[in-house]
Amino acid sequence: MRQRQICTQYKIPAIDGVMTTPPDRRTRKRLATRQNISNIATQLFFERGFDHVTVDEIAAAADVGRMTVFNHFPRKEDMFFDRDEEAREMLRDALRQRGAGIAPIEAYRLLAHRLVAEQHPAVDFSARSEGFIETIEGSETLKARVRAIRDEIAQLVAVALSECVEREPTDPDARLAAGLLLATWTIAFIQAHQTFRQERDTKQARDAFLAIIDKGAIGQKAALSGTPYA
């Protein structure tokens, strides 16, 4: 039970403004079933490795049918990354809700600092997060999905950036900004998790994360000087 609670806590929670109170009992029941499937699946992935758990085993453990699992999660890896869409909405909101005079690139730097200040699970560098990272590292399927998500988010950020300054979605400056942002955040996450693994110190890991975010932002602003993104 303790391991299941840790697993559930590490899942990224609902972002303010994204998940509202379900309007009816049927919707509440559907969301509860979805979350239960995801929690049980993730626990099994933690214990046995992603590639060694079948959808039938997940369905049996969650006491639902195989088709019910697929109705909620088209792919097995979607059960592991079940809050992906909420994280994407958080990235969109960072631009929509930025203060007057805050450049888009700066909005993302400030988002990183806010997540760390709030101890958001998305930037959790601790013993809780180790199982999550180790499960990814142990599965070629999950590693491939991480790469695909990174590419999808780069496209999402490029579109969001171009829209917020009223440029075309294909704006090359937006694509450059998104690519630099994703590269910075990816390296920052990797370094932070490595720092925790070596030092067993969450504060050191968070400091390492923000140091790379800040350093990357300097480079992004220099590369995009003269554009509305900087």
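The values are calculated or read from the model by the stated rules, or taken from the named source; none is laboratory data. Keep in mind that what you see is a predicted model, and the values were worked out from it rather than measured. Ideal geometry is used to build each Cβ from the backbone, glycine not excepted, and the neighbour counts take in all protein chains shown. Heads up: the accessible areas ignore ligands, DNA and RNA and are worked out on the full protein's heavy atoms, side chains in. Shrake-Rupley method; radii C 1.70, N 1.55, O 1.52, S 1.80 Å.
A few points about this structure:
- Here I105 passes the criteria (1) of a type in the set (V, I, T); (2) part of a helix (DSSP H, G or I); (3) open to solvent by 20 Å² or more (accessible area, probe 1.4 Å) except the one numbered (3).
For every residue, the table says whether it meets (1) open to solvent by less than 20 Å² (accessible area, probe 1.4 Å); (2) out of contact with any Lys or Arg (no Cβ under 8 Å at 6 or more places or on another chain).
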site: P121; (1), (2): no, no
site: P172; (1), (2): no, yes
site: A192; (1), (2): yes, no
site: F196; (1), (2): yes, yes
site: K203; (1), (2): no, yes
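- Within the range 200-218, the set of residues being free of Cβ contacts under 8 Å to residues at least 40 places away in the same chain and in contact with a helix residue (DSSP H, G or I) (Cβ under 7 Å, 6 or more places away or on another chain) comprises Q204, A208, I212, G216.
A quick yes/no check of all residues on (1) in a helix (DSSP H, G or I); (2) more than 22 Å from K143 (Cα to Cα); (3) out of contact with any Gly (no Cβ under 7 Å at 6 or more places or on another chain); (4) open to solvent by less than 30 Å² (accessible area, probe 1.4 Å):
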residue	(1), (2), (3), (4)
T42	yes, no, yes, yes
F45	yes, no, yes, yes
D56	yes, yes, yes, no
A59	yes, yes, no, yes
M67	yes, yes, yes, no
P74	no, no, yes, no
E86	yes, no, yes, yes
A94	yes, yes, yes, yes
A100	no, yes, yes, no
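- Residues in the range 24-40 that are more than 13 Å from H72 (Cα to Cα), in a helix (DSSP H, G or I) and out of contact with any helix residue (DSSP H, G or I) (no Cβ under 8 Å at 6 or more places or on another chain): R25, R26, R28.
- Selection of the range 50-78 for residues being of a type outside the set (V, I, T), in contact with an Asp or Glu (Cβ under 9 Å, 6 or more places away or on another chain) and within 28 Å of E130 (Cβ to Cβ) yields F50, D51, H72, F73, D78.
- Looking only at the range 63-119, residues that are touching a residue at least 60 places away in the same chain (Cβ under 8 Å), closer than 17 Å to T42 by Cα and among the aromatic types (F, W, Y) come to 2 in all.
- The range 185-228, subset among the acidic types (D, E) and part of a helix (DSSP H, G or I), residue farthest from the chain's Cα centre (by Cα): E199
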